[in-house]
Amino acid sequence: MTTTTAPLDNPHTGPSRSAGPGRHVEPTTGGGSLFTHARVLARRSLIKMWRTPEALIDVTLQPVVFLALFTYIFGGAIAGGSQQEYLQFLLPGMVGQLIAMASVSIGVNLNQDIEKGVFDRFRSLPISRSAPLVGAVMADVVRYLILFVVTMSVGLLMGFQVGTSWLGVLAALGISMAFALCFAWISVFVGMIARTSGAVQGIMFLLVLPLGFASNTYVPTSTLPSWMQTFVSHNPITYLVSTVRGLMVGGPVAENLIGTLVWMAGLVVVFVPLALWAYRRRA
């Protein structure tokens, strides 16, 4: 007498199916490409984001505070009394800078997931090892879209006027998001090597704030000290801001776009391998 043991249910894929005569059983785990796995984990990150809306403060309330603060408090002094004129200069710059700054959170979130043991559970799943990392970067695209919509909406209410066309605005959004996705790999790398999420945030802000303020986001480069202008002129944020400003309100675009693309390529070439190396060591 023989005993047949029913196959166990897989906790991740649901009940398994027994095969009848001549029936082929599809595998329940292990299938799919890196992109498929990353897309599923990106959805997980978005659900987590939806359930903790306070994590979106940096892409909802922060751009409103920055825009109002610099326009109404500093704008008159910087622009010689015309706050509306300064808003035309400021908003395109803030769109580029704030989207780049929003990429800081990805390193913090990854570090927190590692501390909580989330990546230990990921290792037990039949998925690509790099999928959690790529999925987190993909989910950040939604954060950038939220920030852009909030910043543009508030800016329009404050009196900002698009000087080119809405096609140029969409192009500005595209280049800003592409730059942020490249810049995010710095945050990923720091998130993998830092011991705590607080350290990740501190290190990234020490990097982002000088790049953001030592650029042409808030004031023209020509108004800065001569010794600083060299750094500002070659700052990646300056290239990005100048490109976005040209696309949204008018001005030269081609040279600044080339500089932005060169910086993006450099960030990818340098920090993607470093981030993957640190990720494999840590996770």
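The values are calculated or read from the model by the stated rules, or taken from the named source; none is laboratory data. Keep in mind that what you see is a predicted model, and the values were worked out from it rather than measured. Please note: Cβ atoms are built from the backbone with ideal geometry, for glycine as well, and neighbour counts cover all protein chains shown.
Quick look at the numbers
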{"read-out": "Set Val219, Val188, Val270: member being among the β-branched types (Val, Ile, Thr), part of a helix (DSSP H, G or I) and modelled with pLDDT under 95", "value": "Val188"}
{"read-out": "Selection count, segment 134-155, where residues are out of contact with any helix residue (DSSP H, G or I) (no Cβ under 9 Å at 6 or more places or on another chain) and not polar (S, T, N, Q)", "value": "1"}
{"read-out": "Unique match (being surrounded by 24 or more Cβ atoms within 10 Å (Cβ to Cβ) and not acidic (Asp, Glu)) among Ser176, Ser153", "value": "Ser176"}
{"read-out": "Among residues of segment 70-112, those that are touching an Asp or Glu at 6+ places or on another chain (Cβ under 7 Å), outside any helix (DSSP H, G or I) and among the polar types (S, T, N, Q), counted", "value": "1"}
{"read-out": "Residue count, segment 65-79 (criterion: surrounded by 16 or more Cβ atoms within 10 Å (Cβ to Cβ), of a type in the set (A, V, I, L, M) and under 23 Å from the mean Cα position of the chain (by Cα))", "value": "1"}
{"read-out": "Pair list, Cβ under 6 Å, 6 or more apart: segment 265-283 residue among the β-branched types (Val, Ile, Thr), other residue assigned to a helix (DSSP H, G or I)", "value": "Val268/Cys182; Val272/Trp185"}
{"read-out": "Residue list for segment 113-136, filter: part of a helix (DSSP H, G or I) and surrounded by fewer than 22 Cβ atoms within 10 Å (Cβ to Cβ)", "value": "Asp113, Ile114, Glu115, Val118, Phe119, Asp120, Arg121, Phe122, Arg123, Val134"}
{"read-out": "Qualifying position, being outside any loop (DSSP other than H, G, I, E, B), of a type in the set (Val, Ile, Thr) and touching a residue at least 24 places away in the same chain (Cβ under 8 Å), among Val150, Val162", "value": "Val150"}
{"read-out": "Candidate set from segment 191-216 (those that are without any contact (Cβ under 8 Å) to a residue 40 or more places away in the chain and assigned to a loop (DSSP other than H, G, I, E, B)); member that is nearest to Leu274 (Cα to Cα)", "value": "Arg195"}
{"read-out": "Residue selected from segment 32-64 under the condition among the polar types (S, T, N, Q), within 23 Å of Ile99 (Cβ to Cβ) and free of Cβ contacts under 8 Å to residues at least 40 places away in the same chain, by the criterion surrounded by the most Cβ atoms within 10 Å (Cβ to Cβ)", "value": "Gln62"}
{"read-out": "Residue under evaluation Ala275, criteria (1) at pLDDT 90 or above; (2) assigned to a helix (DSSP H, G or I); (3) out of contact with any Leu (no Cβ under 8 Å at 6 or more places or on another chain), criterion not met", "value": "(3)"}
{"read-out": "Verdict on Leu181 being in a helix (DSSP H, G or I), within 15 Å of the chain's Cα centre (by Cα), under 30 Å from Ile114 (Cβ atoms) and modelled with pLDDT under 95", "value": "yes"}
{"read-out": "Residue count, segment 24-54 (criterion: in a loop (DSSP other than H, G, I, E, B) and either at pLDDT 85 or above or acidic (Asp, Glu) (or both))", "value": "1"}
